[in-house]
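Before any comments, here is the structure.
The values are calculated or read from the model by the stated rules, or taken from the named source; none is laboratory data. If you're wondering where the values come from, they're calculated on a predicted model, not measured in any experiment. All Cβ positions, glycine included, derive from the backbone under ideal geometry; neighbour counts span all protein chains shown. For the accessible areas, the whole protein counts, side chains as well, though only heavy atoms, and no ligand, DNA or RNA atoms are used. Shrake-Rupley method; radii C 1.70, N 1.55, O 1.52, S 1.80 Å.
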Amino acid sequence: MDIPDFYRGRSVLVTGVTGFVGKAIVEKLLRCCPDVERIYVLVRAKRGVDPRERISKVLRMDVFADLPVERVTPVAGDVSLPNLGLNIEDYDAVVSNVSVVLHSAATVSFVEPLPVAVLLNVQAIQHIMQLSRSMRNLASVIHVSTAYSNCDRKDVGEEIYAPPVSVKEMLRRAQEEGEQLEKESSRLIGKRPNTYTFTKALAENLWAEDARDLPVAIVRPSIIGWAWRDPAPGWVDNTNSIVGPFSAIASGTTRSIHCDPTKVCDLIPVDVVVNVVLAAAWSTALERPPLIAEAHRDPGRAAPRAGAVPAVYNCVSSASNPVTWGKLLEDWLAAVRASPSPSALWWPDCTFTPSWIGHGVRVACLMIAPAFLFDLVAAPLLGRPATYVFHVLRL
């Protein structure tokens, strides 16, 4: 059975569909698995915008043109709520029809307060488990993590490492002692750089501890960047992660970045990540059938027998095709100089330097000083507001 055959006639639940990876997953399913029965997409209201309007806006994007978007069914909900906050009608539809769960929803902010990150990235896993155990035809559950969940280790294999702290205790404290937990954030995350990587490590461990009866696999992408081939070479829909700084370089406004150009940049195209996610669901369904016992539906029956820990797939480039930050910058500059952006403000040029002093000098001479000059001289002559310095300082 090949991958499109696996998805034929199946219904899939996708979380995080308004994010970069979630959009790419839905697009790939519609384009390459044309016989997929239905794609349920979990969407929450945001800033007063109705969930259905949010997904409607997504499906109006150019990449979904000529695709059978009528097979996409939005369901209003939130991963932070039990049973994902689904109403009765949507809950019945999901548990009756869905056989594949692709969970990519998360808070990806590096500065999220620890209690919030725990609830969104860890407690949400309990809710996904709860719903998955109710699905009558469950074949596989895929959790999208990050290759940096264990960034405090020199070598990271395809395995789940012991948690830095008790996952259950962190969940309890996030719910009951949020303010105190935030005060201890720096101590708790230890060598990890932020709450994002810390809570992603906790989430992986929660799957290992509590989901051995479920057919689960974990996909760990590194830095997710522009598409390699699909839906179009270079496709991206946001300026998050690596895209923002490199877009600023293309515009000519960023001339220096504090970075060691000799270090490896572990960049992975979004379509490669999507391919791994969809293939992992297929492989998991064939090789790791669920061990869900009737105990999950009837508490009077025996508990399920012990199963295996989730399979882990490191979706990275450094192991097979390492590219340094310096090489990436060189290629990027060559590309944006050959095809300059219409919105570019200056000829694209930039230096990566590990020296804070060198970086500071370059920023002062090549970014701030020209910005002052533009605001004082050129802006009045052109009839533009003197905001260029503010724009540069924000970078």
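Select from the range 234-266 the residues that are of a type in the set (S, T, N, Q), part of a loop (DSSP other than H, G, I, E, B) and crowded, with 20+ Cβ neighbours inside 10 Å and list them in ascending order. Correct list: Thr253, Thr254.
Residue-by-condition table, conditions (1) open to solvent by 40 Å² or more (accessible area, probe 1.4 Å); (2) part of a helix (DSSP H, G or I); (3) touching a residue at least 12 places away in the same chain (Cβ under 8 Å); (4) of a type outside the set (Lys, Arg):
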site: Leu102; (1), (2), (3), (4): no, no, yes, yes
site: Ala105; (1), (2), (3), (4): no, no, yes, yes
site: Phe110; (1), (2), (3), (4): yes, no, yes, yes
site: Gln123; (1), (2), (3), (4): no, yes, yes, yes
site: Gln130; (1), (2), (3), (4): yes, yes, yes, yes
site: Leu138; (1), (2), (3), (4): no, no, yes, yes
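Quickly run through the range 154-182 and pick out the residues that are of a type outside the set (D, E, K, R) and open to solvent by 70 Å² or more (accessible area, probe 1.4 Å). Passing the criteria: Ala162, Gln175, Gln180.
The rows are residues; the columns are (1) out of contact with any strand residue (DSSP E or B) (no Cβ under 9 Å at 6 or more places or on another chain); (2) modelled with pLDDT under 95; (3) farther than 21 Å from Val243 by Cβ.
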| site | (1), (2), (3) |
| --- | --- |
| Asn314 | no, no, yes |
| Ser318 | no, yes, no |
| Asn321 | yes, yes, no |
| Pro340 | yes, yes, no |
| Ser343 | yes, yes, no |
| Trp356 | no, no, yes |
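The residue list Ala211, Ala217 contains one member that is over 16 Å from Val116 (Cβ atoms), touching a strand residue (DSSP E or B) at 6+ places or on another chain (Cβ under 8 Å), modelled with pLDDT under 95 and open to solvent by less than 10 Å² (accessible area, probe 1.4 Å), which is Ala211. In the condition set (1) in a helix (DSSP H, G or I); (2) within 21 Å of Asp230 (Cα to Cα), Leu84 is compliant with all but (2). Say whether the condition of being open to solvent by 50 Å² or more (accessible area, probe 1.4 Å), part of a loop (DSSP other than H, G, I, E, B), basic (Lys, Arg) and modelled with pLDDT of 95 or more is met by at least one residue in the range 10-22. So far as the range 10-22 goes, yes, one or more of its residues are open to solvent by 50 Å² or more (accessible area, probe 1.4 Å), part of a loop (DSSP other than H, G, I, E, B), basic (Lys, Arg) and modelled with pLDDT of 95 or more. Taking the stated definitions as given, is Val26 assigned to a helix (DSSP H, G or I) and within 23 Å of Ala139 (Cα to Cα)? Criteria met by Val26. Every residue in the range 5-33 that is in contact with a helix residue (DSSP H, G or I) (Cβ under 7 Å, 6 or more places away or on another chain) and among the charged types (D, E, K, R), please. Once the filter is applied, which keeps residues that are in contact with a helix residue (DSSP H, G or I) (Cβ under 7 Å, 6 or more places away or on another chain) and among the charged types (D, E, K, R), the range 5-33 yields Lys23, Glu27, Lys28.
Does the range 31-52 contain any residue that is assigned to a helix (DSSP H, G or I) and touching an Asp or Glu at 6+ places or on another chain (Cβ under 6 Å)? Among the residues of the range 31-52, not one is assigned to a helix (DSSP H, G or I) and touching an Asp or Glu at 6+ places or on another chain (Cβ under 6 Å), which makes the answer no. For the range 29-54, the set of residues classified as β-branched (Val, Ile, Thr) and at pLDDT 95 or above consists of Val36, Ile39, Val41, listed by residue number. If the condition is being among the basic types (Lys, Arg) and assigned to a helix (DSSP H, G or I), then the range 174-231 contributes Lys183, Arg187, Lys200.
The set of residues in the range 319-363 being in contact with a helix residue (DSSP H, G or I) (Cβ under 7 Å, 6 or more places away or on another chain) and either in a helix (DSSP H, G or I) or open to solvent by less than 60 Å² (accessible area, probe 1.4 Å) (or both) consists of Trp332, Val336, Ser341, Ala344, Pro348, Cys350, Thr351, Phe352, Thr353. Look through the range 267-303, keep the residues that are at pLDDT below 85 and in a helix (DSSP H, G or I), and return whichever of them is farthest from Arg136 (Cα to Cα). Per the stated criteria, the residue is Ala295.
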